[in-house]
Amino acid sequence: MTPLLRQVLSQIDGPDPRVNELVSGLVKHLHAFVEEVRPTDEEWLAGIGFLIETGKMCTPDRNEFILLSDMLGLTSAVDEVNNEGPEGMTPSSVEGPFHSPAPEREPGAWISTGPERERGVATVVHGRVLDCDGTPLAGARVDVWQASDMGLYDTQDDAQDTGNLRGLFTTDAEGRYAFRTIRPSSYPVPTDGAGGRLLRAVGRHPMRPAHLHYRVTAGGHRPLTTHVFLAGDPYLESDAAYAVKQELVVEPRPRTDGWEMDGPYEEIEFDLRMVPLDWKDGR
């Protein structure tokens, strides 16, 4: 430990022990980074400028810091250390920067209300919300959102109505949820800001594999934020957000009848298994 680092750490002594631990750990790693890569003054100022640029890109509808955290794999790393649970639980995944309040919809409703409904592949998504023992959880809230077939969320696209491709559903007595939409497609993350500049600098592509987002809450259970990814997508192995987990990859099935659909469509079935709030240390 350098004399400078020892001096800095000796002066971290606030009233909250956890804050002290977090700041001390951060300081140690930042000083170790400087010792390892020995940045020049110009490089250090460029790094600070990059963070300033990131902050300037943030709006109520876009959080560039979350995007940057996703692109560095940090969001997934934090997710992994905070979401252990019993065997059979549905793995969590990153939320991403584009969640916003969803309109409440009836079971089986369309969440696609724009022109993409005519262009895209009609898709029925359904499943159940269960505990890890398979008991249905009635009254669970299932918040879903996705990008359009053009790769844009409603908050990015003035051509979409607010709330398009979003829905908030409540499970029935058997824990069931269902909605109708279009098949999600792979798309690039925004590259017009700091996150995109970083991707270009390190030679990475900006693509995310086709997916649906979920945020699920159920009484007595830990909230779950996760994805459903579509099997066969070319970007499953190189997701720009490092969010893919094999348990979340689903194969859509072609269908021709049922669910009050007018023609051929695809079916995605996905159950969500929630972790009890009191689950700790493998129990």
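Hey, could you check the range 251-283 for residues that are farther than 30 Å from PRO223 by Cβ and of a type in the set (D, E, K, R) and say which is least open to solvent (accessible area, probe 1.4 Å)?
Once the filter is applied, the top-ranked residue is ARG255.
Among the residues of the range 82-124, count how many are of a type in the set (A, V, I, L, M) and surrounded by fewer than 18 Cβ atoms within 10 Å (Cβ to Cβ).
Within the range 82-124, residues that are of a type in the set (A, V, I, L, M) and surrounded by fewer than 18 Cβ atoms within 10 Å (Cβ to Cβ) number 2.
For every residue, the table says whether it meets (1) part of a strand (DSSP E or B); (2) of a type outside the set (D, E, K, R); (3) more than 19 Å from the chain's Cα centre (by Cα).
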| site | (1), (2), (3) |
| --- | --- |
| ASP143 | yes, no, no |
| TYR153 | no, yes, no |
| THR191 | no, yes, no |
| GLY196 | no, yes, no |
| GLU237 | no, no, no |
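Do the conditions hold for GLN146, that is, is it out of contact with any helix residue (DSSP H, G or I) (no Cβ under 7 Å at 6 or more places or on another chain), open to solvent by 10 Å² or more (accessible area, probe 1.4 Å) and polar (S, T, N, Q)?
Taking the combined requirement at face value, the residue does not satisfy it.
Taking the range 198-212 on its own, how many of its residues are touching a Lys or Arg at 6+ places or on another chain (Cβ under 9 Å) and either outside any loop (DSSP other than H, G, I, E, B) or in contact (Cβ under 8 Å) with a residue 60 or more places away in the chain (or both)?
Counting residues in the range 198-212 that are touching a Lys or Arg at 6+ places or on another chain (Cβ under 9 Å) and either outside any loop (DSSP other than H, G, I, E, B) or in contact (Cβ under 8 Å) with a residue 60 or more places away in the chain (or both) gives 1.
Of the residues in the range 190-223, how many are open to solvent by less than 30 Å² (accessible area, probe 1.4 Å) and either of a type in the set (Phe, Trp, Tyr) or within 24 Å of ILE268 (Cα to Cα) (or both)?
Here the count works out to 9.
Name the residue that is farthest from ASP271 (Cα to Cα), counting only residues in the range 226-242 that are open to solvent by less than 10 Å² (accessible area, probe 1.4 Å) and of a type in the set (A, V, I, L, M).
In this case the residue turns out to be ALA240.
Would you confirm whether or not the range 161-181 contains a residue that is touching a residue at least 24 places away in the same chain (Cβ under 8 Å), within 26 Å of ASP233 (Cβ to Cβ), in a loop (DSSP other than H, G, I, E, B) and open to solvent by 20 Å² or more (accessible area, probe 1.4 Å)?
Looking through the range 161-181, none of the residues is touching a residue at least 24 places away in the same chain (Cβ under 8 Å), within 26 Å of ASP233 (Cβ to Cβ), in a loop (DSSP other than H, G, I, E, B) and open to solvent by 20 Å² or more (accessible area, probe 1.4 Å).
For the range 96-107, does any single residue satisfy the condition of being at pLDDT 95 or above and out of contact with any Phe, Trp or Tyr (no Cβ under 9 Å at 6 or more places or on another chain)?
Yes; the residues of the range 96-107 include at least one that is at pLDDT 95 or above and out of contact with any Phe, Trp or Tyr (no Cβ under 9 Å at 6 or more places or on another chain).
Taking the residues in the range 130-141 that are assigned to a strand (DSSP E or B) and not charged (D, E, K, R) as candidates, determine which candidate is farthest from SER100 (Cα to Cα).
Applying the filter and picking the extreme gives PRO136.
Before we move on, is GLY127 in a loop (DSSP other than H, G, I, E, B), buried (at least 16 other Cβ atoms within 10 Å of the Cβ) and not hydroxyl-bearing (Ser, Thr, Tyr)?
No; evaluated as a whole, the condition is false for this residue.
The values are calculated or read from the model by the stated rules, or taken from the named source; none is laboratory data. Please read all numbers here as calculations on a predicted model, not as lab measurements. As a convention, Cβ positions derive from the backbone with ideal geometry for all residues, glycine included, and neighbour counts pool all protein chains shown. Ligands, DNA and RNA are excluded from the accessible area calculation, which covers all protein heavy atoms including side chains. Shrake-Rupley method; radii C 1.70, N 1.55, O 1.52, S 1.80 Å.
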